[in-house]
Amino acid sequence: MYIGVDVGGTCTDAVLLDKGQVKATAKVPTRADLLSSLLEALDVIMKGTPAELIKRVVLSTTMITNLIAERKFDPVGLILIPGPGLNHDYYRYDTDTHIISGVIDYRGREIVALNEAEVDLAIDKLAVAGYKKVAVVGKFSMRNNAHENHVASVIKGKYPGWQVEIGHKVAGQLNFPRRVVSAMLTCATRDKYEFFVDSVLTALDQRGIKTSVFILKADGGTLPLATSKEVPIETIYSGPAASTLGVQALIPPGETAVVVDIGGTTTDLALILSGQPLLARKGAKVYDQRTQVRALAVKSVPVGGDSVVERAGKEIIVYSERLGSPYCLGGPMPTPTDALRVMGLTNLGDIDKAREAMNLLGDPLGIRPVEVAARIIELVVETITNEIDQMYIRWEKNPAYRVWEVLQKKKVRPKTIVGVGGNAPGFVSQIAARMGCYPVIPPYFMVANAIGAAVSRPTLQVNLRADTERGIYSIQEEGYQGTIKDRHFNEEKALSLAKEWLARRSEKYGLQDDLGEVEVTRKEVFNMVRDWVTSGKLIDISVQTKRGILHYIGTGVNCSGD
Amino acid sequence: MGIKKTGLIFFPAFDWAISPTHPEREERLLYTRDQIFEEGVVDLPEIEEFSPRLATIHDIARTHFCIPRVQSQVTEAHLIASGAAMLLGDRIVSGELNNGFAMVRPPGHHAMRVVHGNRGFCNINNEAIMVEYLRRKHGIKKLAIVDSDVHHGDGTQEIFYHDPDVLFISFHQDGRTIFPGTGFTHELGGPNAYAKTINIPLPPGTTDETFHYVLDHLIMPILNDFKPDFLINSAGQDNHYTDPLGSMLFTAQGYADFTRKLNPHMAVLEGGYAIETALPYLNLAILMALAGQDYSYVREPDYRPGMFKERPEKVEQVHKMVESLLDVWAKKDEFDREKLFGSGKFYQRKKNIYYDTDYIEEEQLEKVRQCDQCPGYMIIESGANRGYGALIRVLAVSIPFTACPDCQTEAYEVYEQGKIEKKQFDYIYMQDKSTDTYLAYERNKDQEWVSEGPKPEV
Ligand SMILES: [Zn+2]
Ligand SMILES: [Zn+2]
């Protein structure tokens, strides 16, 4: 049996799955102590089920998102090695930032060496300022990590107790500013996250759950909870990823659909294209800070069932804030939920209170409660449908760098709008009507997120880059740099080398049984020509364990690989 | 809301090459991609990246006579490169974008009006196709193109040679020392577009300093006088000091300063073959200059201030050329038309055009109607020998956007007559920009095609 738990902003949801059937569900409020909410939900669904039967537990949590939002962490100092390019004034962060000399180019060649005196000075200044956490990040460090590694080792030599993160280990894609942010946030959250992970593992152990425990990542894959300590920020936005996977499990395989998860204060939108959730082209943005974290393309719209509705002159306006529960549930202000109640689209709360809320807004304008309610729902629906349109436009605008990519671009418009989350039923049919789609409210829509967590599966990636002219290769995820001795090294050999590293990584994470089919997600080979003669090849290969989910719910379809 | 952005279309055509080891190959923009992506500039709020779209056959036919047909001269990569420029052009004209950079390949500035094959790595002219599109679609009246490639932009020059509404300025390495061997100061445009072509040949070894002297004292004053509604930079980068094809000494900073001062609506990438030592830095610097960002920290790895010196006598030579071209521009409306172009009904010139990539030799007779009501229609007779097989001979008629009724009528008579009487031509073409109608007649099959778009009214 599989367990999925989503510790969300307001609710913690849990499900117990057995061969694609939902055996138990739980919904409890999320309290400040995330662990206690998690355990409470877990205890509800585990009632009567022996712990030994649990094969896998997958969590998703707002833990890291909360930490970052509330800035509950020690300051992180930065040592950056940006070299030429953008003016260094662009690298201004809300912390002490020291920029030192040293240049690595796009092929990983050292153009300018580090200046030891500058390295020492930067470290000493951070020490004087009281920093004990440092992120060291260089431009093109994933092509050559020597500079980052050297600075880190100097720090370790001087201050063994400091926590040091190096850019290429955290964020190996091209994009230096995002690498800086990713490294900084990793450094900031790591110790608190470690503490959380250890508490969860201890608590599960006390309940007799000795099986493997995973955490959901923003891209919809999972990592063993213990190893996720290395990459805490990969777990941001695991909530929206959970809902999207949940819908993927609740609709027929291969379907194309828009996922609309309407919560109390936000509505999350995602796309499932031919059965696969769409990945964002760029890394996730955390409170305006751009990271390199691979994530599903989820758009959060600040409107939900608890959003405050007010009258301004003759206008009725839905605000993005929440000031408590809906009026019909004893809250202070009218909300879209009150409108739904008046229109008979929900059974939540007290109908008289809901009407009263509509009267508060409508009386001065001489509009009847039903009309006020209709207008509020209209406003919410309009906001959401506009955002869905924008999401398509963004997706179609994704750049293409090859002729075939441009040619295969076509307009895809899903026919199905799937609503999940507590407030979905009241809105989804109208959203669908407006977009000319079919509305679907799947069974278990209230706990789709927990189902998504339960059916998610481990994903591991390996990005290999080989430069045969220079006789070197690197494995992005491991920060490994090796040499190529084989004079006949080519694309096929690069691919088997990448697969070898993927297998090695799977073993390292105890996931060798999950390796299964390997997907090649990128294969680029460039001939390097100098003076009309081919002098070498640049080979970029990305391989990953198969993406997807373990089960479709209620269909009895058991996916391969398990 | 907010700031107006710089639009970027980066289309490196990672799956297109002329041949595997040709300078115009897949690898050309690879390191540029690495640099641009690693800098993270596309995340800047001032820059927005777009996906390219394809130009249509109709868009190509508006600019070129492709022999025998558009489809036989262009690949999808060409349609994407032109389409990218058009897409950015649309958004700039509509006011959505402040300016744009089509960082695309394949390049186009050596492609002329008649296209028998590939010359100077180009098949079709991305800038010219955009210009004709912007005029047709948005009714833009006056445009200017400044070509900063080390090679003379002979294709662009040829296409607009008789067009008074398109100012073409090219500075480049002296044609006596580099392909295509043209672009001298006396090439100034046809009778109806005199001084709307300006060539500034520079001696090999010219540095940023002289480059900017020419910009400040000649190019900018002419542009300020002409006042184009839309300004395009054919942003070739082979004037760089590390370029393997050119012998000039421009730097990334020099190019970026040029872009900032010129402040074009659009930059379209042309040549530039120092793919490692120049292009990553140049493209980054030009993009940042367009977006109004500080590019002062962009430096080539081996660049040291003061590393280039020019010979004073060469500098003096350039200053003199600037003087005389300024004089030409000042007196552009007073030239002796009869003395320069004769008094015949048509002004005509003979051209021999060599397609270096495809080894084709073309002989061309170009006639333009000396009309005082409009820029005049053109009749082109062209024969090309591919070195094997038979000579292909074509007759092509082109009607300008602002043609007068007489020129329109006459031009159609020439076309119809050609179909019936001029048996020596294998293909006969009509390019009517005034009604956006493009026709082609194949004698062998006795068949006529109309490109998509509005059909001619009978
Ligand atoms: Zn060139
Ligand atoms: Zn006329």
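The values are calculated or read from the model by the stated rules, or taken from the named source; none is laboratory data. Computed from a predicted structure; not experimentally measured. All Cβ positions, even for glycine, are placed from backbone atoms using ideal geometry, and neighbour counts span all protein chains on display. Surface areas here come from the heavy atoms of the whole protein model, side chains and all, with no ligands, DNA or RNA. Shrake-Rupley method; radii C 1.70, N 1.55, O 1.52, S 1.80 Å.
Numerical summary
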item	result
Subset of segment B:119-151 (residues that are touching a strand residue (DSSP E or B) at 6+ places or on another chain (Cβ under 8 Å), open to solvent by less than 10 Å² (accessible area, probe 1.4 Å) and not in a helix (DSSP H, G or I))	B:Ile124, B:Leu143, B:Ala144, B:Ile145, B:Val146, B:Asp147, B:Ser148, B:Asp149, B:Val150
Which listed residue, of B:Tyr412, B:Tyr355, B:Tyr438, B:Tyr427, is of a type outside the set (A, V, I, L, M, F, W, C), in contact with a strand residue (DSSP E or B) (Cβ under 9 Å, 6 or more places away or on another chain) and within 16 Å of ligand 2 (Cβ to nearest atom)	B:Tyr412
Of all residues in segment B:204-249 being among the small types (Gly, Ala, Ser) and more than 19 Å from the chain's Cα centre (by Cα), the one that is most open to solvent (accessible area, probe 1.4 Å)	B:Ser247
Every pair of residues 6+ apart whose Cβ atoms lie under 7 Å, when the first sits in segment A:426-449 and is of a type in the set (D, E, K, R) while the second is modelled with pLDDT of 90 or more	A:Arg434/A:Val381; A:Arg434/A:Thr385
Among the candidates B:Glu132, B:Glu96, residue that is of a type in the set (Asp, Glu) and over 26 Å from B:Thr435 (Cα atoms)	B:Glu96
Number of the condition not met by B:Met103 [criteria: (1) more than 15 Å from ligand 1 (Cβ to nearest atom); (2) under 18 Å from B:Phe230 (Cα atoms); (3) not small (Gly, Ala, Ser)]	(2)
Filter result for B:Pro52 (crowded, with 19+ Cβ neighbours inside 10 Å, part of a loop (DSSP other than H, G, I, E, B) and facing chain A (nearest Cβ under 9 Å))	yes
Count of residues meeting criterion [within 16 Å of ligand 1 (Cβ to nearest atom) and open to solvent by less than 10 Å² (accessible area, probe 1.4 Å)] in segment B:106-117	6
Matching residues in segment B:7-40 - criterion: being more than 8 Å from chain A (Cβ to nearest Cβ), within 21 Å of B:Gln293 (Cα to Cα) and within 21 Å of the chain's Cα centre (by Cα)	B:Gly7, B:Leu8
Complete set of residues in segment B:12-49 that are at negative phi, open to solvent by less than 10 Å² (accessible area, probe 1.4 Å) and not in a helix (DSSP H, G or I)	B:Pro12, B:Glu24, B:Ile47
Flag for B:Val268 being hydrophobic (A, V, I, L, M, F, W, C), part of a strand (DSSP E or B), more than 16 Å from ligand 2 (Cβ to nearest atom) and under 26 Å from the mean Cα position of the chain (by Cα)	yes
Boolean, A:Arg179 is in a helix (DSSP H, G or I) and touching a His at 6+ places or on another chain (Cβ under 9 Å)	yes
Boolean, A:Thr385 is of a type in the set (S, T, N, Q), within 30 Å of A:Thr65 (Cβ to Cβ) and in contact (Cβ under 8 Å) with a residue 60 or more places away in the chain	no
Selection within segment A:297-323 - of a type in the set (Ser, Thr, Tyr) and open to solvent by 10 Å² or more (accessible area, probe 1.4 Å)	A:Ser300, A:Tyr319, A:Ser320
Options B:Pro201, B:Pro164: the member that is within 16 Å of ligand 2 (Cβ to nearest atom), modelled with pLDDT of 95 or more and either open to solvent by 10 Å² or more (accessible area, probe 1.4 Å) or not assigned by TED's automatic domain parsing to the domain that holds B:Lys351 (or both)	B:Pro164
Positions within segment A:102-117 being of a type outside the set (A, V, I, L, M) and within 13 Å of another protein chain (Cβ to nearest Cβ), in sequence order	A:Gly102, A:Asp105, A:Tyr106, A:Arg107, A:Gly108, A:Arg109, A:Glu110
Residue check for B:Pro191: within 16 Å of ligand 2 (Cβ to nearest atom), away from chain A (no Cβ under 14 Å) and either at pLDDT 95 or above or open to solvent by less than 20 Å² (accessible area, probe 1.4 Å) (or both)	yes
Residue list for segment B:250-263, restricted to those being open to solvent by 40 Å² or more (accessible area, probe 1.4 Å) and not in a helix (DSSP H, G or I)	B:Asn263
Verdict on A:Leu361 being away from every other protein chain (no Cβ under 14 Å) and either of a type outside the set (Lys, Arg) or at positive phi (or both)	yes
Subset of segment A:143-191 [within 14 Å of chain B (Cβ to nearest Cβ) and open to solvent by 20 Å² or more (accessible area, probe 1.4 Å)]	A:Arg143, A:Asn144, A:Gln173, A:Leu174, A:Pro177
Residue in segment A:156-170 that is part of a helix (DSSP H, G or I) and among the polar types (S, T, N, Q) present	no
Flag if B:Tyr281 is part of a loop (DSSP other than H, G, I, E, B), more than 16 Å from ligand 2 (Cβ to nearest atom), hydroxyl-bearing (Ser, Thr, Tyr) and in contact with a helix residue (DSSP H, G or I) (Cβ under 6 Å, 6 or more places away or on another chain)	no
Filter result for B:Ser398 (surrounded by 20 or more Cβ atoms within 10 Å (Cβ to Cβ), modelled with pLDDT under 95 and either under 19 Å from B:His64 (Cβ atoms) or more than 16 Å from ligand 2 (Cβ to nearest atom) (or both))	no
Criterion violated by A:Gly254 - all others in (1) assigned to a loop (DSSP other than H, G, I, E, B); (2) surrounded by 16 or more Cβ atoms within 10 Å (Cβ to Cβ) satisfied	(2)
Selection from segment B:58-81 of residues that are surrounded by fewer than 19 Cβ atoms within 10 Å (Cβ to Cβ), more than 14 Å from chain A (Cβ to nearest Cβ), assigned to a helix (DSSP H, G or I) and not small (Gly, Ala, Ser)	B:His58, B:Gln71
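Yes/no matrix, rows are residues, columns are (1) within 22 Å of A:Gln289 (Cβ to Cβ); (2) of a type outside the set (Phe, Trp, Tyr); (3) touching a residue at least 40 places away in the same chain (Cβ under 8 Å):
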| site | (1), (2), (3) |
| --- | --- |
| A:Ile3 | no, yes, yes |
| A:Asp13 | no, yes, yes |
| A:Leu67 | yes, yes, yes |
| A:Val76 | yes, yes, yes |
| A:Ile79 | yes, yes, yes |
| A:Gly85 | yes, yes, yes |
| A:Asp94 | yes, yes, no |
| A:Thr97 | yes, yes, no |
